[in-house]
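S.K.: Please see the structure below; I have some questions.
Read the figures in this text as sums done on the coordinates, not as results from a lab. If you're wondering where the values come from, they're calculated on a predicted model, not measured in any experiment. Every residue, glycine among them, receives a Cβ derived from its backbone with ideal geometry; neighbour counts consider all protein chains shown.
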Amino acid sequence: MLNEKLKNHRIILASGSPRRQEFFKNLGLDFEIILKPVKEEYPPRLTHFEISNYLAQLKALSFKKELKDNDILITSDTIVWHNNEALGKPRDKQEAFSILKSLSNTTHEVITSVCFTTKSFEKTLHAITKVSFKNLTDAEIEYYINTCKPFDKAGAYGIQEWIGQIGVTKLEGSYFNVMGLPTHLVYKTLNAIADAS
């Protein structure tokens, strides 16, 4: 359906995330995956969705000169915002444990920003989902880290994995956003781009 509307465009997904790639397949889109290395650093003055917006735009920067008239580049970044700080991907087991311990029995926000870039414009959108965890025991946290090794995930967890199934007590917002892509926003924006072209 959407793919037919976008048949004259080349969609480029600049993400190595298997989950984001799967979402694009599920939306019925033909797309190419092109990856470029990016140092994911941001100015310390940024907070909340400013961080994920900045990083999503940063990932688009190195593509800009190469984009052709019919190209739509999509870049994205997800952070976990908790106690007024951004939690990224854990470096090791110890850091994963301390992140999950801090999320236990509290509510945090998962923020995903998506940047749409063409030769003539750039648009960045973000979605925020509030996630509440039950009181996680040390044994549950250790079991999850040892079993699922969540070192490639912001906030040290994947909601679709064991910890989400046993630990998440409340969710406000998009579930898919927590997995790494607010698919409803991507669908809506690509439709708008197709209608405008």
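S.K.: Going highest first, how would you order 27-39, 116-128 by mean Cβ packing within 10 Å?
M.R.: Top to bottom by mean Cβ count within 10 Å: 116-128, 27-39.
S.K.: How big is region 2-196 on each of its three principal axes, counting only the C-alpha atoms and giving the largest first in Å?
M.R.: Taking max minus min along each principal axis of the Cα atoms, region 2-196 gives 53, 33, 26 Å.
S.K.: Give me the Å³ per residue figure for the convex hull around the C-alpha atoms of region 120-167.
M.R.: Here the figure is 96 Å³ per residue.
S.K.: For helix 183-196, what angle does its Cα long axis make with the longest principal axis of the chain, in degrees from 0 to 90 and rounded to 10?
M.R.: Taking the Cα atoms of the chain, the angle to 183-196 is about 10 degrees.
S.K.: So what's the back-of-envelope 222 nm ellipticity for the chain, counting only DSSP H runs of four-plus at -39500 (n - 2.57) apiece and dividing by all residues, rounded to 500?
M.R.: Computed ellipticity for the chain at 222 nm equals -10500 deg cm²/dmol.
S.K.: Still on this structure, please answer the following. DSSP beta bridges in the chain, what fraction antiparallel, as a percent rounded to 5? All intermediate terms of the calculation are to be shown ahead of the outcome.
M.R.: Numbers: 27 of 33 bridges.
Percent antiparallel among DSSP bridges in the chain is about 80.
S.K.: Order the peptides 95-103, 57-65, 178-186 from the highest to the lowest mean number of other Cβ atoms within 10 Å of their residues.
M.R.: 178-186, 95-103, 57-65
S.K.: Any idea which of 150, 111, 124 is furthest toward the positive side of the dipole for the chain, if Lys and Arg beta-carbons carry +1 and Asp and Glu beta-carbons -1?
M.R.: My answer, from the dipole projection, is 124.
S.K.: Same structure, new question: Could you tell me the distance between the Cα centroids of region 117-148 and region 44-66, to the nearest Å?
M.R.: 18 Å
S.K.: Taking θ as phi - 60°, what are the ³J(HN,Hα) couplings along region 35-45 by the Karplus curve (6.51, -1.76, 1.60), each to the nearest whole Hz, with x for Gly and Pro?
M.R.: Along region 35-45, the couplings run 10, 10, x, 9, 7, 7, 10, 9, x, x, 6 Hz.
S.K.: Considering the chain as a Gaussian network with a 10 Å cut-off on Cα pairs, which listed residue, 177, 53, 83, attains the greatest mean-square fluctuation?
M.R.: The residue that fluctuates most here is 83.
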